[in-house]
Structure formats: C-alpha cells, structure tokens
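Colleague: I have a structure here, written as structure tokens, and I will follow up with some questions on it.
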Amino acid sequence: MEIYIHAKHVLNKFLKALLFLIIPFSALAQQKDVPVINSRIEGTVVDSVSKQPIAGVTLRIKNVTHEVTTGSNGHFTFVTGQKLPYTLVVSFIGYKTKEVVANGSPVNIQLAENIAQLNDVVVVGYGTQKKSDLTGAIGSVPKNILNQPAASFDNLLQGAVSGVAVTQNSGQPGSSATIRVRGGNSISFGNAPLYVIDGFIIYNDNDYANVGSNGTSVNALSTINPSDIESIEVLKDASATAIYGSHGANGVVIITTKKGKKGTNNVNFSSYFGDQTIAKKLDLLDASQWGSLVNDINLSDGVAPTYTPAQLAALGTGSNWQNAALRNAPEYNGELSISGGDEKSRYLISGNYFDQQGTILNTGFKRYSARVNYEKNVTDKFKISTNVFGSQSIENKLVGSAYNSINFSNAFATLLLTPPTSPITNPDGSYYTNSPYIATPTNPLQDITATTNTTTLTRVLGNVAGEYKILPDLTLKVTAGVDILNTVQDYYAPSNTSGGYADQGYASIGNGNELSWLNENTLTYDHAFNNTNFLNILAGYTTQYTRFSSSTASAQKFPNDLTSYNNLSYAGVANLPTSSFASQALDSYLARVNYSYLHIYNLTVSARADGSSKLGANNKWGYFPSAGFSWNIDKNDFFKPLAQDISSLKLRVSAGQTGNSEVPPYSSLAALAPTNYYFGSKLVTGISPVQIDNPNLKWETTTQYDAGLDLGLFNNRVNLTFDAYYKKTTDLLLNVPLPLYSGYASELENVGSVENKGIELGINTDNVKTDHFSWKTNIEFAENRNKVLSLGPGVSSYFPVAPTGQVSPVIVQVGLPVGTFWGYSTQGLLTAADIAKGVPLLNGVPQKVGDTRYVDNNHDGVITTADKHSLGSAQPKFTGSITNTFSYNQFDLSVFFQGSYGNKIFNLLQQTLERPTLTQNASATLLNRWSPTNPNGTVARATDSPVPQVTDRYVENGSYLKLKNASLGYTFTNNLASKIGAKKLRIYVSGQNLLTITKYSGLDPEVNFYDNDNTKQGIDYGTYPAVRTFLAGVDVTF
Amino acid sequence: MKNISPYKIILLLTGSVVGLTSCNKLSEDPKSVIVSSQFYQTTSDATSAVNAVYSTLNSDPAGDFPLYGRQLNLLVENASDNQLYSPSNTNPDVRALGTETYISANSRVQKVWQQLYYGINRANIAIDNVPTIQMDTTLRARLVRESKFIRALLYFDLVRLYGDVPLVLHNPNSTNIDNLLTARTPAADVYTQIIADLEDATNLPKSYSSTDLGRATSGAAHTLLAKVYLTQQDWPDALTQLNLVINGGYGYALFPNYYDAFQKATKNGVEHIFSVQFETNLGEANSTQYLSESFTSFNTGTFPIDIPVDTSLYNLFSANDTRRSVTFYNTVYNAATGQNVVYNNAYTPYFNKFVDYSLSPLSSQSLSGVNYPVLRYADVLLMKAEALNEINGGPTSDAYTAINQVRTRAQIANLTPGLNQAAFRDSIFLERRKEFIQEGHRWFDLVRQGGTVLVDALHKISAKSAATSKNTLFPIPLVEIQQNAKLKQNPGYN
C-alpha cells in the first residue's frame, strides 16, 4: 500500500513533468488554503546556491517552542498566536542556522550550506574519509564545471583539477581525449588514469571499441552519460592511489553517480539545444592562385607554363572543397530523472538522449542511456545497494585509415589537398569524377558522403553491494559487478568512392565483446578511543577478470550498393576473416590504516599486493606500499592567536609506490604468428615466432613523493591548495631494441626510467558575498616537467615507428621529454650572397636561391640528418584555468577560461600543404613564396614536389588560452516556479569554445592525430575541425 | 526481513566471495595465440615452419613493403645507374638512395638488413627445430634443405651488400638473449657457410608437383652456387655448377618470347629457376607487390612509383629489341573508355615488367600476381659466357653461343664476333643490364667488376655525382653500431 501511494505520488509528478514539456511555462492553478486565526505566514526555504527547495527544515519562533517543518517542496505554513513581526530560527542539518525576521507572507528563506560540514567527507579508494584527516592529494571537479553540457565526462576534467591535463584529440563527435595526471609515466604502455565508477574499476581501453575500424579511435568513455555524475574525485599522490596498486600509477578518477536523497521525491527534466559552427577554417589557394603556383613549378622545371595569363584569370576562385564538406550542425540533449527516498530506501532512475551532428557531412554521435540506482537498509545492520547502467551510442565517423595504422589517411585532409580547379559537381548536381588529379574516377566529397562508417557501442555496467555491520565498529562489504561492452563496426565504401573503386564495393563488419567482472570484499574497523585517538582499518580481497573477443569479416566486388555491409553474401569475393580472444585476471589483497590523534596529527599507511596474469611467470605478484602524514596546524592551541587571519592551515607529506601493467595479455610468452606464401599459386600458411619470451616481465613501478599545503584565509573566504611532487618511474615496460641480426626488432623488457616533477596550485576565493550578489573565483595551475632518465644499457635514443614514406618527427631520447620533436632549424631562405659565400647546403639536393636555408647545427659544412636536434615537445610547461562565477539574485553567470603554455605542435598538415606539387592544392602562405618577381618572399620557391623536411617552421608554438565555456542562467523564484508546480526552474544559455587565443596556425591547438600514443603527442594531420557551440537549455524539478 | 540472522548474511556474503574467486588463475592459457612450446610437433608444423621461411621473401612482419618486390630494389636498382626519383618520392631516405647520399641512419638500408636477417632467423628456426619432429624422413630432410637454400640466398645478399656481417645460425630466446652482441664475421667465413648450405640444398628434388611449384629445387641450388662462385671469381667452380644446371636434365630453356618471363599465366615456367611468388590474392592475406605500382592510374596528372627510369637506360635499347616494350611502357589501353592513354612527362617511360594487365580494374596493381624472378635461365647463359671468357682469356665459341641465345630471343643480331676478352666482358655486362632491369642484379654486377666501375657508372648521371668508392658497400645500420660496440662501420660511413 505504501509503495502504491508512493508510486502514485511519483506518477503525479511525472505527469506534471510531461505536461511541462508539452505546454512550457504554462501556469497550473494554485489552490489557496482556508484562512485561520491570528497571524499566519507562509513561505519556502531554499538552498542559497542551488535554489533547490529543502525539505524537513525546522522553523521555530525565537524563544518559543512552537515549530514547523517544511514539506517536500520546501514550503511551510506557520499558524500561530504570535503577532508579527517575530524572529524565526531556521535550522537544518548541514546548513548554517539562520535567524529571519518575519513581517508577513511570503517569507522566502535561503539557507547556506555549512561548508565545513559539507566538505567533511570525501570519496577515497574503497571508502570515504574526513577531509580534515586526509593525508593525500585529492582534487574534486567543481560543481559548476560538472554541470556544463558535455558529450562525455572526460571533457569535463579539462581545467577542472590542477595536475590533470586533458587534450581533446579531435573535433569528431564522440572522439577520445588524452588525459594525463601529473604527466605521463610510461613510454610505451598505459598512461591514462584508472576510472572507478561507483566502485567498479575500469581501465579504459579504446581498443575494445575499435575492431577493424576506419578513422579516429572511438571513445569508450562516451558511453557514460555525464549528467548522471554527482561527483568526480581525482586521486593524485601515492598516499591516495597506492590502494589501487598496479593500476594506480597514472592517477585514479573516482566517479560517483547521483543517488536519491532521503525525504525527497523529485522528477527532474533537463534539456538543451545547441548549434555548432566551425571555429576556424584554413586559408588555401583558390584556382587562379593555384594555377600560378603550377606555372612557377613549371618555371623551375624549365618547361613551358601550364596556364597563359588569360587562362589564369579565367580560373577564378574555383572550387572551395573545404566549405563544401562543412555545415552548421545541431546538438540536442534531453534528460529525465526520478529520484527520492524514505527512511529506508533511496532510488534514482534516469534516462538520457543525446544527439550531436558533426560539422563535417555524414558524421555525428548519438547516445541513449538509462540508469537505476537503488539502496535499501534491510535492517539496522544490513544494507544493500545496486547501480545499473545501460547505454547505446552510435558514432558516424569521418573516413580515414585505422588510427594506429602506419599508413594513414584522412578524408578531410584529402579534401583540403584537392586542387580548386577540379569542379565539385557537374551542372546536373551529381559529383564530378573526372578530375585529372585523382587516381580513380571518384570525388573526395563523395568519399565522405557516400561511405558508411558507423560504430555502435552498447554498454551495461552494473554492480550490487551488501554491507553488514558485524559489530558496531566493524563492517563487512561485499560487491560484485560486471561491465559488458559490445562493439559493432559497419563500413561500406561503394564502388563510386576511392575506398571502394578498386574493390568494386568494399564492406566490412567488426564485432567486439568485452566482459569484465569484479568482486570486492572489504572489512572496515572504525573506532574512536576516548574521542582522542581515531582509528580506521581497511582490509580486503578483490579479484577481477576481463576478457575480450572480436571478429571481423569483409568482402568486395558487390554487384550494386543496395545491401552494403548488411549482407556480405552478395559479394563476389570474401576476404580472410579474423577473430581474436584475450583474457586477463587480477587478484589483489589490500590494507589501509588511518590513524588520527585529535584530528590534528593524521597518518595513513596502505599496502596492496596485486597478482596479474599478464606478467611473466616469475613476476606475477607486485607489492605497492604508501604512507602519508598530515598536520592540521590550525587546531593546535599555539595557533589560536593567528586564527583571526588564518582560518585553516594543514601540511601534508606522502610517499609511496604504484604500478602500471598495461601490456596486452600474452606479452611475456614466446608467441608465434601466421604469415602467408604461395605454392602452385595457392595460399599456404606459415607459422613463426614473433616475440621472445620473457618470464621476468613485471609491472612498471612509480615512486612518488608529495608535499602539500592547504591554507584557508579570512574565515575560509580564500582557500589555497599547493602541492609539489616528484615521481620516478622505473622498470619501464619498453620494447627494447635488439640487434636486428637476431631476427627480432625488439623484446618487451623492464628497463629505463622516466621522471615527472611539478607543482600544483589551486585557489578558491569568495570575492564578494552579499545577500544579493556573490562572486567566486577558482584558479587551477599546474606545472609538470617530464624527462627520460634512461632507456636501458647502450640505448640513448630511438625513433618511434613512422608512417611508411615518412621520417619520424619525434625522438625518445635520454634527457629529453618523451616524444620530443626532432628536426632541422632553418634560417630564412638562401640568398645569392649565401650561395656565393658557400653556406652549408642540404646534402644530395641541388639547392638554389629561394630555397630553405637549413642551420648547420654540428658545423661540419653540410646539412645532413646529423644536424637535426630537439625542437621542443608537445608537453606544456604549464597548464591552467580560471573560473569566475557570479550570482545576482536569480541570475547566475560562469565564465571558464582554460589554457596551456609552452607546448609545441608538429603541423604535419601545414607541411603537406606547403609542399608545392602539380597535383595538390596548397596553403595560402605560398602566396608569399620567393620568386624572381617576389625576391622578398619568405616561403621557399616553388619546385616540383620537394622532399618534406621536419623543420622548426612546422614545429609550432601550441600555447593557447581558450574561453571554454560561458553560461548565463536564470532561476525562477519559488513563487513563479510553483505556478507550474515546479520546485525549481532554471533556464540558461551557454557558449562553448567561444574564443581561442593562440599563435598556432592550424585549425585548433588541441590536437592529437595519434590519439593516446605517448610518443606521438601533438601531431596535427588534418584532424576533424573543432567547433564553437551556442546552446540554450532548461532544467526543471518537480 | 528484520529477522534475518546475522550469521546467514555473513555466510551469504562470504559464500559469494568463495564462489567467484575460485575461478581466477594467474597462469595464462592463450587460446588465440600459439606458443612455441606447443609447436614443432607434427608434419604440418614442420611444413608451416618452412612456409614461414619463404614468406619472409614477399612480406614484412611490420606491414612494410617486402624485401623482394620493393626494398631490395631500392638498394640494388635505385642506388645503381638504372633509376632516379619522381615527384611521388617523398621519403628523404628513399631519395638519398637515388642520389647516393645515404648515410648509416638511412631507414631503407636498415630495413633491408632487418628483412634479410628476419628471413635468416626463420630459416635458422626451421633448420634447428624440424629435425626434432617425428615425421617422414624424406620430407623432413627436404624441408630442412629448402630452409638452407633460403638462408644461403639471404646471406649471399647480405655479404654482397654489407661486406662482413654477423653470422647468426640459431634463434635467440630468453636464456641466451644477453649473448647476442657479436662482432662481424669475415666475409670468407660467411661464404663458407653459404656454400655449405647450398651444397646440402643440391640434394633437393629436381622438380615438384603442381601444388608445390615455387619451392627451391636442386637446380636452383646449383644456379645460386654458380653465382656465389662467380662473385668470388672462382670461374672453374662456377662453370662446373652452370654445366650441371644446363646438362643436368632439368629441361630449363628460354621462353621464346621475353614477354612470357613476366606474366602471371606463365609463372614458374621453363625459364624460371627460382622466383619469389606473388599472387592476385583477392580475399586472402598478406604479400603486396609494389614494383607493379609503376602503373596506378589512367590519370596522366598523377605520378606512379617513386623510383622511375633514368632515361639513359631506355636509350640503350634499339627499337627492334623486344625487351624494350616488355621493360617499359608509355601507352596503356583503357578498356573503360576504349582509348589508349599516353604518358609523356619527364619521368616516362614507366617500368612495365611487374604490371599485371589481367587485373580489373587495372589500377589495383598491389594485387599483381607477377612473380619476382630471382634466378632465370637467361642468367645461367650469361654467367656461362662470362665464366668461359674469364677462364680462357677470351670468348670461346660456347661463350658466344650462350650470349647469342639471349640476344636471339630478344630479336637482336648476334654479338660482333672476334671480340677480345675485355670487350666481350663489357658486352656481357651490357647484355645483363638490358636483360635484368628491375630484377635486382645491376648494383651487384657493377660492384663485382671491382675498381671504379660502380662509381664511374654512377657519375654518368648528374644527380648521382655524390657517389664515391665507399658506395661499393652499404653502411651497417646506425642502430646496430650504436647498441653493439663490437660492430665496426664500413669505410667512409659514420
């Protein structure tokens, strides 16, 4: 019966929410109460920040016992014999008690949260801890950033927590981001942080979402609905992360989803519409400009010019391929959640639909998701809870070759390189396919629009937990969870596209199935001795198993394009299918002791033992200890005189070891692989070793030291957190080069070391705080220095594998940051005087006046590859963000700037666009090329297809400052909101990526063509352009 | 619900722990990967192990272009006087080979070294492991000898390209990996090993059934052995081996048409003694012919392969030499339009031998099924003429017969009679150059003549003026020198 009434109540609210959708802002009739004797006032109590009504608030007339409490909508009615005016004392747990003078209805009261109490408890690994007792470095994503619209939650980490560097790899909707906590520790494997979602451990591996795919990597994290997230904590130092052992070295991101709250029944609907535009386009040559470039190339070849002056003029501007592929694209998000709770149970049910079209034709991202969180106190001692989440996301990707392929291509870059003299369409509107510059009779725009390249990810993540208090101080907790990620990738290139022409239609399908289950069992003992000594002991055993299997099938020679990938049996030729299977297991024992003396002196000691199946037979188990100490100086008696100005002061120090074992399964075994040959024109299979066994293979160890200071000034109106750290990662999992005459290129060994050191600063200030107006500022700043200390005996450097036909633009060298750009310095162009003087020239290339002048770095009189040197790295010198939030009565405004300084970008696209050829379009910078008629030109003269060189011209300054987000909101007063039956109603407009200040000449300084590859960060080869978004939304709670 | 016994709850919770955790084991049982301890057990394993040896000739484990079909030609053809570079040549390391400015860090010089040793390693593994397998002893002996043939072929390439090289005869593993750093073995010792392997390989079958066509034969072993002796200027031993090939009942002969030596339909034919196999591998895996990509499109505005002909080469041929139109093209019939497309620019004519005209569309040339001929009967005849000329202080009538067989097939006149030894020698090398374009002979033929022959030939092309005497050997790859102090560099390189 109780359930029935409850359900009816919720249904009622739900219907109201639906009604709200249909008739926005329509006022519902409000019932008046019957008047009663003496004074009578009514009003509401709301949260001073969120403007959410608060239920259960006690209102008492000062010095009188008579009191009332607010209802679920925060409303109260006070009927009393007292005469107005009188003073109300308003109090509620977690809020500062307030006295209000009541003169008459309505009395609207704003309660401010008791910050000290609210921040009392933070989420840490396998539990929570009083903030004052913390010894580790933990950062939380601020609420205002968490509330920003985003496709995926990893976007929200950017600039949110100092020491967490996030780079959006491309503008492709649904694409991945590169995330580094306090710099990258590893060179070859695993630099991304560990994610813990409601206690479930996910080491995000985008490979699980890329099975035989085409184009940029799919972001498996985008399956999670960011609006479900209540809080994100980032564990940074060893004291906090060592409890995660062999997974902890790269930092831990703890995500807690929203839960129902006791005493509430809320139906929340939120939605926004956005319009995305291209933030920047590249300047390219138009048709007549390109024709003139072709003539200049002819001149240098000593042949007659292709175009006469009259023909040049007739070429006009020609085709703008870039514009033809781009569009303004809408974005929509809709979200409905129902949450609530009573004395014994709490629940939240949510659904989400997100649809973001891409600004390049035929691309986009959609997500459908649903969540149920439920918690029940079965008895006083026994509690059960479950979190279940399911989603399906569908990404239409820009066509290109596989993101980790050594031979890459990208349909957008191809488009930019198409000469403007080629028409885009025929007069009848069909695509023009007779360009003399394209090898097959196809059209690069048609390649984008006609090719299907879809990834569908279906994820179910669920866990159940049982918690039992064996003794008042001793709790046993058992959880079991499962994460299932299913990937389907469909690809079809019709015969009229360059990808399908030679194959007469090419279709492929890929299926991937990942399953991971986790069981965690912990015992927690929590006891206070005489309110003096506080002890918390955690011990546990956990075990996790993950398996991944995949299969791909492809076929070609289709009689027509009707069935594409849906029925491969129409194909004339079936290609060899593939399948794979890999499994891994991790067994762990963990323990932690937190001890605090009077909450003044705090000590945390933790240890974890991890056994991983992936490591060598002799080294399956690793041990990861840590210790942290903190001192709340302000709580000492001697500090009292200073308490006026310094409201809190805390010192923290910690040291510990964490690990990284993110190698693929079977890496330590002497594996054999198949190859093929032909005898009698028939295929035969050969099998031979591809890897030398290494039974000693073990995890990488990161030893980290951290010292921190938390300072609160002027009654905590200024809060400052400062950390300095040093990390050294040893036993790197590195593919150590072997002598090539061994028959192997490398062996996976544990050699070499990398260091990261840096400082972090976070400042929160309450600049202005009045009843009507408040202004808060949040500043995050981080500086990290990364350096390769050793690459093992006899190895001082190596070049990561470059795409075929290219020279590696990066080097990994001892003494330099991982992934340093490596190339020539240049010094303008060669002049006749230079040639006469006999300045060093590029070896093997006949250099003339107007060619690039390279710097002879080693002074040997000739320019060879020995003159290449470090040109900087993609790692920033510092990163930072500044957020200002203002509220004025019902208005709120937040402005979020984020930036990066000192990072370099290798602009491979610009290098390609500045290479004059007779077949490809070029950058508008070539308008200023040197020529006999333009002797002051600053760009090298036009020659036919010079060898592209990695030079300082293309290693550009990637520093930037972005206005990432500005949003203006209006929260309706309770009176207005209640007219439509709502407890809360907020509308807002927001702009994302509004302004970028940078010297970088490419589309966007946030770029990673090679995705998460740690050695190839900051390379731009025409990735998907970044967008600017304007959106408007509404958020209503019933 | 309030009456739940606490013990039941504890039991329930701990029970679920035990139930779940008993599943996890930390030892790996790879279901999708074969591990060496599971392998080398059966006849099928032995065959697969040897197939893998052959596959190193036409594919690269890292997905790069194959040794035969691209990489070897970069050194032996592009760094000779046959080839230059085109606008599609964007890799500075490839261009450095064409302009004789390559250094020890050159990635292609390194790749060839790596691919040769990769194949040698696979051969070593087969030679060490196959004899331990319980199987038909005849087949077992044959498989080992096939592997020895490939090992000898690859060491022969190595020793000619790089000089003294480390002689590695066994597969490294985790127990001996630290003993890998060795010095260069004198070339003479490498040759001793090559000859020993080839002598064993002469016990291979003379021929195979149709399903095994393409395997190494005793004829291939004798021919390669002759080439080894010829390179060492051991003329009598070379002649002995060549006579065994010619008179040994193998039935080798020249195709009546030069054209047939480079066709998919006539592969493994009467003239082919040993070829690296390529197939139009529709739907199947691996092996990419790249030399065939000298045709890529009917669009004359795009440039095909990056290492085009040096025009002086085309001009060597007389118009009636049938080899000219087989070796080069400048006109291709476009079936889609019914028209002939004529290519005419600074880089034409284009190479033709590996273009597979049976493909549709013709632009799918990576699927070319034209084999790469490593040993051809024309080579046997020209080697015989050369050996006779050297043994007898001048050409014998047998020497003339041999060279004229090759010339007659090309439909050109017999060689001028009565040449002295030097003039005959020059004629042979000119004939070899014209006969074997793109077949991986030219640089070797220039170098083995000794003296300044290579440098003089290169200096005839202005873009190759950087050539010096150091170019008679390629540098040991820099990465090898850097991690192994025992390896010393070749003269003239750093």
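The values are calculated or read from the model by the stated rules, or taken from the named source; none is laboratory data. Note that the structure is a prediction, hence the values are computed from the model and not measured. Heads up, the Cβs are rebuilt from the backbone with ideal geometry, glycines too, and the neighbour counts pull from every protein chain shown.
Colleague: Residue check: is A:Phe773 aromatic (Phe, Trp, Tyr) and away from chain B (no Cβ under 14 Å)? Full working, then the answer.
Modeller: Working: aromatic (Phe, Trp, Tyr): yes; away from chain B (no Cβ under 14 Å): yes.
Answer is yes for this residue.
Colleague: Related question: Of everything in segment A:353-389, what is part of a strand (DSSP E or B) and in contact with a Pro (Cβ under 7 Å, 6 or more places away or on another chain)? Give them in sequence order.
Modeller: Of everything in segment A:353-389, those that are part of a strand (DSSP E or B) and in contact with a Pro (Cβ under 7 Å, 6 or more places away or on another chain) turn out to be A:Gln356, A:Gln357, A:Gly364, A:Phe365.
Colleague: Which helices (runs of 4 or more DSSP H) does segment B:80-195 wholly contain that include 3 or more residues that are facing chain A (nearest Cβ under 10 Å)?
Modeller: B:92-98, B:107-129
Colleague: Now a separate question. Within segment A:850-868, how many residues are away from chain B (no Cβ under 14 Å) and in contact (Cβ under 8 Å) with a residue 24 or more places away in the chain?
Modeller: 5
Colleague: Could you pull out the residue among A:Ser742, A:Ser796, A:Ser746 that is free of Cβ contacts under 8 Å to residues at least 60 places away in the same chain and within 23 Å of A:Ile863 (Cα to Cα)?
Modeller: A:Ser796
Colleague: Tell me yes or no: at least one residue of segment B:200-208 is within 30 Å of B:Gly269 (Cβ to Cβ), within 13 Å of another protein chain (Cβ to nearest Cβ), surrounded by fewer than 22 Cβ atoms within 10 Å (Cβ to Cβ) and of a type in the set (S, T, N, Q).
Modeller: Yes: segment B:200-208 contains one or more residues that are within 30 Å of B:Gly269 (Cβ to Cβ), within 13 Å of another protein chain (Cβ to nearest Cβ), surrounded by fewer than 22 Cβ atoms within 10 Å (Cβ to Cβ) and of a type in the set (S, T, N, Q).
Colleague: Do you know which residues across segment A:669-703 are crowded, with 24+ Cβ neighbours inside 10 Å and more than 8 Å from every other protein chain (Cβ to nearest Cβ)?
Modeller: If the condition is that a residue be crowded, with 24+ Cβ neighbours inside 10 Å and more than 8 Å from every other protein chain (Cβ to nearest Cβ), then A:Leu697, A:Trp699, A:Glu700, A:Thr702 are the ones that fit.
Colleague: Could you check how many residues of segment B:58-69 are closer than 11 Å to B:Thr288 by Cα, among the aliphatic types (A, V, I, L, M) and surrounded by fewer than 24 Cβ atoms within 10 Å (Cβ to Cβ)?
Modeller: The qualifying residues number 0.
Colleague: Could you list, in sequence order, the residues of segment A:410-444 that are away from chain B (no Cβ under 14 Å), within 23 Å of A:Gln504 (Cβ to Cβ) and surrounded by fewer than 21 Cβ atoms within 10 Å (Cβ to Cβ)?
Modeller: Within segment A:410-444, A:Asn426, A:Ser430, A:Tyr431 meet the criteria.
Colleague: Return the residue satisfying two criteria in turn: it lies in segment B:387-424 and is under 29 Å from the mean Cα position of the chain (by Cα) and free of Cβ contacts under 8 Å to residues at least 24 places away in the same chain, and of such residues it is farthest from B:Thr231 (Cα to Cα).
Modeller: B:Thr408
Colleague: To continue, here is another question. Looking at (1) in contact with a Leu (Cβ under 6 Å, 6 or more places away or on another chain); (2) surrounded by fewer than 18 Cβ atoms within 10 Å (Cβ to Cβ), which is the one condition that is false for A:Asn928?
Modeller: So the condition that A:Asn928 fails would be (1).
Colleague: Still on this structure, please answer the following. Of the conditions (1) within 14 Å of chain B (Cβ to nearest Cβ); (2) part of a loop (DSSP other than H, G, I, E, B); (3) hydrophobic (A, V, I, L, M, F, W, C), A:Trp822 satisfies every one except a single condition; which number is it?
Modeller: (2)
Colleague: Select, from A:Ser742, A:Ser746, A:Ser668, the only residue that is among the small types (Gly, Ala, Ser) and in contact with a strand residue (DSSP E or B) (Cβ under 7 Å, 6 or more places away or on another chain).
Modeller: A:Ser746
Colleague: Tell me the residue from B:Thr211, B:Thr217, B:Thr223 that is among the hydroxyl-bearing types (Ser, Thr, Tyr) and surrounded by fewer than 20 Cβ atoms within 10 Å (Cβ to Cβ), please.
Modeller: When all the criteria are applied, what remains is B:Thr211.
Colleague: Among the candidates A:Pro840, A:Pro846, A:Pro809, A:Pro817, which residue alone is surrounded by fewer than 20 Cβ atoms within 10 Å (Cβ to Cβ) and of a type outside the set (Lys, Arg)?
Modeller: A:Pro846
Colleague: Sticking with this one: Among what's in segment A:712-737 and is buried (at least 19 other Cβ atoms within 10 Å of the Cβ) and hydrophobic (A, V, I, L, M, F, W, C), pick the residue that is modelled with the lowest pLDDT.
Modeller: A:Val736
Colleague: Another question about this same structure. For A:Asn63, state whether it is at pLDDT 80 or above and surrounded by fewer than 17 Cβ atoms within 10 Å (Cβ to Cβ).
Modeller: No; evaluated as a whole, the condition is false for this residue.
Colleague: Within segment A:713-739, track down each residue that is in a loop (DSSP other than H, G, I, E, B), in contact with a strand residue (DSSP E or B) (Cβ under 9 Å, 6 or more places away or on another chain) and within 14 Å of chain B (Cβ to nearest Cβ).
Modeller: A:Leu738
Colleague: Would you check which residues across segment B:417-468 are under 23 Å from B:Thr327 (Cβ atoms), away from chain A (no Cβ under 14 Å) and either part of a loop (DSSP other than H, G, I, E, B) or of a type in the set (Gly, Ala, Ser) (or both) and list them?
Modeller: Once the filter is applied, which keeps residues that are under 23 Å from B:Thr327 (Cβ atoms), away from chain A (no Cβ under 14 Å) and either part of a loop (DSSP other than H, G, I, E, B) or of a type in the set (Gly, Ala, Ser) (or both), segment B:417-468 yields B:Ser427, B:Phe436, B:Ile437, B:Gln438, B:Glu439, B:Gly440, B:His441, B:Gln449, B:Ala457, B:Lys460.
Colleague: Another question, then. Could you tell me whether any residue of segment A:827-839 is more than 14 Å from chain B (Cβ to nearest Cβ), in contact with a Phe, Trp or Tyr (Cβ under 8 Å, 6 or more places away or on another chain) and not polar (S, T, N, Q)?
Modeller: Yes, because at least one residue in segment A:827-839 is more than 14 Å from chain B (Cβ to nearest Cβ), in contact with a Phe, Trp or Tyr (Cβ under 8 Å, 6 or more places away or on another chain) and not polar (S, T, N, Q).
Colleague: Can I ask one more? What are the residue pairs meeting all of these: first residue in segment B:468-482, first residue within 14 Å of B:Pro166 (Cα to Cα), second residue charged (D, E, K, R) and not in a loop (DSSP other than H, G, I, E, B), Cβ atoms under 9 Å, and 6 or more apart or on different chains?
Modeller: Going by the 9 Å Cβ cut-off, the qualifying pairs are B:Pro477/B:Lys111.
Colleague: On to the next question. Is it the case that segment B:35-55 has a residue that's at the interface with chain A (Cβ under 7 Å from one of its Cβ atoms) and modelled with pLDDT under 80?
Modeller: No, segment B:35-55 contains no residue that is at the interface with chain A (Cβ under 7 Å from one of its Cβ atoms) and modelled with pLDDT under 80.
Colleague: Looking at (1) more than 14 Å from chain B (Cβ to nearest Cβ); (2) surrounded by fewer than 20 Cβ atoms within 10 Å (Cβ to Cβ), which is the one condition that is false for A:Ser630?
Modeller: With respect to (1) more than 14 Å from chain B (Cβ to nearest Cβ); (2) surrounded by fewer than 20 Cβ atoms within 10 Å (Cβ to Cβ), A:Ser630 is out only on (2).
Colleague: Among the residues of segment A:652-668, which ones are in contact with a Gly (Cβ under 9 Å, 6 or more places away or on another chain) and in a loop (DSSP other than H, G, I, E, B)?
Modeller: Across segment A:652-668, the qualifying residues are A:Ser661, A:Glu662, A:Val663, A:Ser667, A:Ser668.
Colleague: Those residues that are over 18 Å from B:Phe262 (Cα atoms), among the polar types (S, T, N, Q) and in a loop (DSSP other than H, G, I, E, B), I need them from segment B:314-343; list them, please.
Modeller: Hits for segment B:314-343 are B:Asn315, B:Ser318, B:Asn320, B:Thr337.
Colleague: Which residues, counting only those in segment A:676-723, are touching a residue at least 24 places away in the same chain (Cβ under 8 Å), of a type in the set (Phe, Trp, Tyr) and touching a Ser or Thr at 6+ places or on another chain (Cβ under 9 Å)?
Modeller: A:Trp699, A:Tyr705, A:Phe714
Colleague: Let me ask something else. Test each condition in (1) surrounded by fewer than 20 Cβ atoms within 10 Å (Cβ to Cβ); (2) β-branched (Val, Ile, Thr); (3) over 30 Å from A:Gly71 (Cα atoms) for A:Thr973 and report the one that comes out false.
Modeller: (3)
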